[in-house]
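Presented below is the structure to which this report refers.
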Amino acid sequence: NDIFTRLTTRGPFYQPRVDAIVEAVRFGSHLNQEQSLQVRELVKEFADVFALSIREVKPVNFIKFRLQIPQDAVFSKKVQQRPLTKPQREYLFPVLDDMRRAGITRFISSDEVKAVASTVLVQKTH
């Protein structure tokens, strides 16, 4: 029972998907019971603007991001990545898998590499 239905025929208001969105949203403890119910209903009403996964984000064709890189620019191809810790790997690898499944990234062969940069993961403070 897939809940990632925003872009499918089941649509964004498929009840298990809406329930998962309401469950994922954090509601402030400062809300009284009536306010909390009102906010939950509002989230349900606008479930179509939430994405449960990167796979549910709609691609757009009205803007393209282009880097203005001179043709003769040369970048480092030397790998200087520190090994990821186990918690970093457990976080990052599924994210990269999701991005690949969504068509955002792809594997490339070594002759396609133009530049190499280290990945830096920083924990949010909140």
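Structure summary
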read-out: Set PHE75, PHE4: member being hydrophobic (A, V, I, L, M, F, W, C) and out of contact with any Asp or Glu (no Cβ under 9 Å at 6 or more places or on another chain); value: PHE75
read-out: Residue, surrounded by the most Cβ atoms within 10 Å (Cβ to Cβ), within segment 83-126, restricted to residues that are assigned to a loop (DSSP other than H, G, I, E, B), among the charged types (D, E, K, R) and within 19 Å of the chain's Cα centre (by Cα); value: ARG106
read-out: Pairs, first under 16 Å from GLY11 (Cα atoms) in segment 46-73, second open to solvent by 100 Å² or more (accessible area, probe 1.4 Å), C-beta under 7 Å, six or more apart; value: ALA47/PHE13; ASP48/PHE13; ARG55/ARG101
read-out: Inter-residue pairs, beta-carbon under 8 Å, first under 21 Å from LEU52 (Cα atoms) and in segment 90-111, second charged (D, E, K, R) and not in a helix (DSSP H, G or I), 6+ apart; value: ARG100/ARG106
read-out: Segment 71-113, residues that are among the charged types (D, E, K, R) and within 28 Å of LYS58 (Cα to Cα); value: ARG89, GLU90, ASP97, ASP98, ARG100, ARG101, ARG106, GLU112
read-out: Residues being in a helix (DSSP H, G or I) and surrounded by fewer than 13 Cβ atoms within 10 Å (Cβ to Cβ) - total across segment 35-60; value: 7
read-out: Qualifying residue in segment 61-77 (condition: surrounded by 11 or more Cβ atoms within 10 Å (Cβ to Cβ) and either touching a His at 6+ places or on another chain (Cβ under 9 Å) or not hydrophobic (A, V, I, L, M, F, W, C) (or both)); value: no
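The values are calculated or read from the model by the stated rules, or taken from the named source; none is laboratory data. All of these numbers come straight from a predicted model, not from anything done at the bench. Every residue, glycine among them, receives a Cβ derived from its backbone with ideal geometry; neighbour counts consider all protein chains shown. These area figures cover heavy atoms from the full protein model, side chains too; ligands, DNA and RNA do not enter into them. Shrake-Rupley method; radii C 1.70, N 1.55, O 1.52, S 1.80 Å.
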